[in-house]
1. What does the accessible area of ARG299 come to, in Å² to the nearest 10, when a probe of 1.4 Å is used?
2. Accessible area, 1.4 Å probe, largest first: how do THR524, THR374 sort?
3. With θ set to phi - 60° and the Karplus curve 6.51 cos²θ - 1.76 cosθ + 1.60, what are the ³J(HN,Hα) couplings of region 250-265 in order, to the nearest whole Hz, using x for Gly and Pro?
4. Leaving out ligands, DNA and RNA but keeping every protein chain, what accessible area does ILE70 have, in Å² rounded to the nearest 10, with a 1.4 Å probe?
5. Sorted by accessible area with a 1.4 angstrom probe, largest first, how do GLU237, GLU246 fall?
6. Order ASP346, ASP333, ASP151 by their accessible area, 1.4 angstrom probe, all chains in place, largest first.
7. Might you work out the accessible area of GLU234 for me, using a 1.4 Å probe with all protein chains in place, and round it to the nearest 10 Å²?
8. Quick one: Karplus J couplings for region 424-431, per residue in order, coefficients 6.51, -1.76, 1.60, θ = phi - 60°, nearest Hz, x for Gly and Pro?
Amino acid sequence: MKSTDSEIASASSRSSEEKDKKQGQEQSQEQEQSQEQEQQTEKSTHKNKLPPLSKRIFVLSNTIIGVGTISIAFTLKSCGLILGLIMLFVSAYLSYYSLSLLIRCKLMTGIGGYTELASHTLGKKFKWIVPFTLFIYTFGAIAGYFTFLGDSLPPLIHRWGDGSLSSHSVWFNREFLITLTVVLIISPLAFVRQITKLGFTSLISLCATIFVVVTVIIQSISKMTDKNVDLVAENGEVVYFQFSTEILLALPITTFAFVCQVNLFSVIQNIMGKGEDKSQDLVTKRDISDQYQKTKSRRMKIIAFGAIVTASFIYIGISIFGYLQFRGKTQGDLLKNYSSSNNIADIARIAMSLAIILCSPVYFFACRKAFRDTFFPKWEFVGKKFVFLTIVPLIISLGVCLLVKNIVVIFDLTSAIAGNVVVFILPGYFYLKIKNNPHLQLSTNITESSRDYEDISETDSKNDQKNDNLNSDSIKDLITTSEEDEQSLLIQKTKSQKKLKKNQGKWVYFKKNWNSILMITFGTISGITCTTKSILSIAGVDI
């Protein structure tokens, strides 16, 4: 019996040991699996890591900075040094405010696209107007960039060819150089599907533009400090304020110096986390924390503010020093003021051409999307359809720039027709309508808008009480008069009371929406001015 008991005890101990071993092995396997899963999640998060805010600022800044960089100094020549800088600062503020209105509309509606926001606000009947306007504007900008390359590349090759190339060489052909640049450089970059992937090329473009600015500053300082050079005798005095018809020439340049609204939504997309933007899920979930909204809004505004500030520093540097050197002889293309024998200026021209080449694909993103939304709204950017939607706008833009050689005509027409609508009028109208129509907002914003309407109703009720008191006092005074006089006076009082309510309602509405109303008004006045200027220039009238 003792042996059997010992055998049973040993067997039970062995079984318990085996169970412990199995449990240990299972735990070790589970730990290994959990470690592998953590490593995989780390790798996946590293792969799907969002681009930093600085990269997004570079891309949005590259959208702003373009051919207008070498034209800003001309505004100081047309308006004067101080007045031109004031116009530049006003344009920067209005552009940033326009971007902030679009960001607010995105947060209030959960919609992440310019054309989608337009269809949501304007309705299905007019949803095609905005994509068509965007297509005209972006298409004109790209065609203008191509035209600038066609005007700047042949002289550079001629000066750096050392006479080894004949005058009839294909390398001096404007059409050939534009086509070659588009096919070899711009087209491959245009086939990139995400605009944030162009962060590196945008950084190169920004550095090339900064090099141009530094070159202009160094050349200007060397001339101003040279005692043997009399800039007053060569180029005239520095003018600080100049009020003349030449302001019409400077207004389109300053108005559209900070345009980047067309690419804002694609740059700030997926700003909070991996995958789709969480604001797109709000339409179904209707639930989000205030902290999340504030963080998201702050990051978006940082990107917009950083892009505007970056462009402002570049514009201020090149405009002030360029104007102080050439003064009354400053041309629309500042680099044309330098002599052909200036090698440093030639390097700056090459850098500017490189910046324009790398800037064109960024603008092409908005052009391709507007082309799709205008003519093929049901298509998606997949497979052969993506190739078609990419190639056709490129071919159209290339064809237009080969036919139209005057870049001023292209910029004036696109700015007058579509620029003011896209940059100023529509953002103000979107925000005005969404703010005053709670059914266009998400549930989280309806309470805020209802509070606004409650405030308006409270002010109206207070005004009604005041008007009632006035009416009661007036009726007491009218007791002694005749009945006919009483009736006529009461009718006049009721009419004046209705007018007072209307005026008070309009004043309250203006106070709560003055920012959007002023934005729309400025865009309308600027559009009329730019259209008038372009018509006069096409007609050959000197301003």
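1. Counting only protein heavy atoms, ARG299 exposes about 80 Å² to solvent.
2. Sorted by accessible area, descending: THR524, THR374.
3. Taking θ as phi minus 60°, the curve returns 8, 4, x, 5, 6, 4, 10, 6, 10, 6, 8, 5, 5, 10, 4, 5 Hz for region 250-265.
4. Only protein atoms counted, so the area is about 0 Å².
5. The ranking, largest first, comes out as GLU237, GLU246.
6. On the way: ASP346 5, ASP333 40, ASP151 75 Å².
I get ASP151, ASP333, ASP346, largest accessible area first.
7. About 90 Å², ignoring ligands and nucleic acids.
8. Each residue of region 424-431 in turn: 10, 5, 5, x, x, 5, 4, 5 Hz.
The values are calculated or read from the model by the stated rules, or taken from the named source; none is laboratory data. Everything numeric in this text was worked out from a predicted model, so none of it was measured. These area figures cover heavy atoms from the full protein model, side chains too; ligands, DNA and RNA do not enter into them. Shrake-Rupley method; radii C 1.70, N 1.55, O 1.52, S 1.80 Å.
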